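J.: Have a look at this one before I ask anything.
The values are calculated or read from the model by the stated rules, or taken from the named source; none is laboratory data. Just so we're clear, the structure is a prediction, and the values are computed from it rather than from any experiment. Virtual Cβ from ideal backbone geometry, glycine too; neighbours counted across all protein chains shown. What goes into the accessible areas is simple: the full protein's heavy atoms, side chains included, and nothing from ligands, DNA or RNA. Shrake-Rupley method; radii C 1.70, N 1.55, O 1.52, S 1.80 Å.
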Amino acid sequence: MTDAESADLEHDEETADLDRDERVEERVDENARNWWQRRRVGADERDEILGRMFYEGDRFRPYLFRFATLMALAVVIAVLGVVADSAALVIGAMLLAPLMTPVLALAAALTMIWPRRLSRAAIWVGLASVGAIALSWLVAMAVPGGQALALPNELLSRTRPTLLDLVVALAAGAAGGYSMVREEVGTSLPGVAVAVALVPPLAVVGAAVELGRTDLAQGALLLYGTNLAAIVFAAGTVFLATGFVPTVRVARLGGRVALAIAAALVPVVLLAIPLARSLRLASEESRVSAVVIEEVATWAGRDTRVTSVDVGLDSVLIALEGPVQPPEVDPLGDRLRERLADDLEVRVRWVATTEAVSSPD
């Protein structure tokens with residue numbers, strides 16, 4: 001690394017070790033003409049990219065202020081968007097949040113085998129996450145009448161992650177790593193922030209805790225952990241595949257690099273187990289709801305509307321509304337037991353809908 005670039009990263013044992021690997025790779029690549037070696041990241045480009053992920057020396061304090069300011073604003077917007085059930089506000093918070101940068105730095109430090117910067121990035125992400133939850137709890141507590149509001153869809157949608165969320169996070173993490181390495185697609189990073197949300201789940205954790213719904217908070221925290229683990233693993237894999245980590249370094253530290261990728265893969269695999277279970281449950285609930293809606297239409301008529309279907313282990317609670325009281329529930333129960341399960345208990349809750357008209361004299 002040149003003296004002109006010393007403001008980007010501190011000169012220490014980690015950067016000096018990378019510098020030696022870059023010099024070796026430059027000598028190896030002098031006569032290289034194949035496509036793969038031409039597409040590998042050069043030393044100057046690598047140093048520039050690392051400078052966009054790691055803010056050190058004199059650049060740290062200004063970056064800390066900008067990061068804290070943008071993170072706080074993103075959390076406030078995310079909480080208000082969740083409480084107001086506004087997708088536009090939530091998307092705005094995704095675009096504003098700067099959390100993707102230290103997460104990608106975490107992946108880069110992991111694949112570069114930089115333990116000191118790895119610990120720094122992990123602490124940075126951890127403190128930002130805890131701070132975001134605390135701030136979201138305060139904002140949710142300050143929202144007038146927040147306790148009286150029905151749970152909005154923007155909150156509920158982030159409390160039941162499934163295996164599909166993990167797949168999306170892996171794809172978005174790969175896209176984030178690739179857009180960081182390839183300057184020609186660098187403008188894709190905001191789209192990555194929208195595809196895999198980091199701040200909204202944290203906002204939901206704080207808001208759900210303030211509402212006294214720790215079950216929903218745990219679901220949102222699971223979604224955040226899923227996104228975080230998937231981004232680190234996928235981005236780290238892309239950093240290796242694109243030559244961002246010098247191939248000379250990968251060959252020299254092959255065992256440690258393999259161990260680092262395996263360590264990043266472990267939480268992804270562990271999280272996939274409950275997420276797969278959630279996907280099966282969600283699929284089953286969707287199937288049961290479709291059957292219930294179809295049978296209710298035949299049993300009670302088209303004027304009766306199904307407002308919710310709560311599926312338990314061996315029971316189903318159907319909430320209805322309509323102008324006419326539905327008939328006896330036994331025929332409906334018989335039909336659902338015939339189509340779903342023999343020991344299914346069927347409960348129906350009906351709310352009458354009436355219409356009052358005030359006409360001019």
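J.: State which residue pairs qualify: first residue closer than 19 Å to Phe65 by Cα and inside the range 79-100, second residue of a type in the set (Lys, Arg) in any location, beta carbons under 9 Å apart, and separation of 6 or more residues or different chains.
T.: Within 9 Å, the pairs are Pro98/Arg66.
J.: Could I ask something else about it? Could you check Tyr63 against (1) in contact with a Phe, Trp or Tyr (Cβ under 6 Å, 6 or more places away or on another chain); (2) aromatic (Phe, Trp, Tyr); (3) under 30 Å from Arg256 (Cα atoms) and say which number it fails?
T.: (3)
For (1) loosely packed, with under 13 Cβ neighbours inside 10 Å; (2) of a type in the set (Gly, Ala, Ser); (3) out of contact with any His (no Cβ under 6 Å at 6 or more places or on another chain), each residue gets a yes or a no:
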position	(1), (2), (3)
Ala234	no, yes, yes
Ala251	yes, yes, yes
Leu270	yes, no, yes
Arg280	yes, no, yes
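J.: Restricting to the range 152-182, and then to whatever is part of a helix (DSSP H, G or I) and among the charged types (D, E, K, R), can you tell me which residue is nearest to Leu279 (Cα to Cα)?
T.: For the range 152-182, the residue satisfying everything is Asp165.
J.: Additional query: Would you point out the residue of the range 211-232, among those that are small (Gly, Ala, Ser) and within 25 Å of Val257 (Cα to Cα), that is surrounded by the most Cβ atoms within 10 Å (Cβ to Cβ)?
T.: Top of the filtered list is Ala230.
J.: While we're here: State whether one or more residues within the range 104-122 are at pLDDT 90 or above, in contact with a Phe, Trp or Tyr (Cβ under 9 Å, 6 or more places away or on another chain), open to solvent by 50 Å² or more (accessible area, probe 1.4 Å) and part of a helix (DSSP H, G or I).
T.: Yes: the range 104-122 contains one or more residues that are at pLDDT 90 or above, in contact with a Phe, Trp or Tyr (Cβ under 9 Å, 6 or more places away or on another chain), open to solvent by 50 Å² or more (accessible area, probe 1.4 Å) and part of a helix (DSSP H, G or I).
J.: When only residues in the range 169-185 that are farther than 12 Å from Asn227 by Cβ, surrounded by 14 or more Cβ atoms within 10 Å (Cβ to Cβ) and of a type outside the set (S, T, N, Q) count, which is modelled with the highest pLDDT?
T.: Ala174
J.: Is the range 268-279 home to any residue that is farther than 30 Å from Met100 by Cβ and modelled with pLDDT under 95?
T.: Looking for residues that are farther than 30 Å from Met100 by Cβ and modelled with pLDDT under 95, one finds none in the range 268-279, hence no.
J.: To continue, here is another question. Here's a check for you: in the range 223-280, which residue that is within 27 Å of Val24 (Cα to Cα) and among the charged types (D, E, K, R) is farthest from the chain's Cα centre (by Cα)?
T.: Arg252
J.: Can you list the strands (runs of 3 or more DSSP E) found entirely within the range 285-361 that contain at least 2 residues being farther than 27 Å from Arg160 by Cα, open to solvent by 50 Å² or more (accessible area, probe 1.4 Å) and aliphatic (A, V, I, L, M)?
T.: 345-352
J.: Say whether the condition of being modelled with pLDDT of 80 or more and closer than 27 Å to Leu253 by Cα is met by at least one residue in the range 65-75.
T.: no
J.: Just a yes or no: is a residue in the range 7-17 in contact with a helix residue (DSSP H, G or I) (Cβ under 7 Å, 6 or more places away or on another chain), at pLDDT 75 or above, among the small types (Gly, Ala, Ser) and part of a helix (DSSP H, G or I)?
T.: no
J.: Does Ala297 qualify as being under 26 Å from the mean Cα position of the chain (by Cα) and among the small types (Gly, Ala, Ser)?
T.: no
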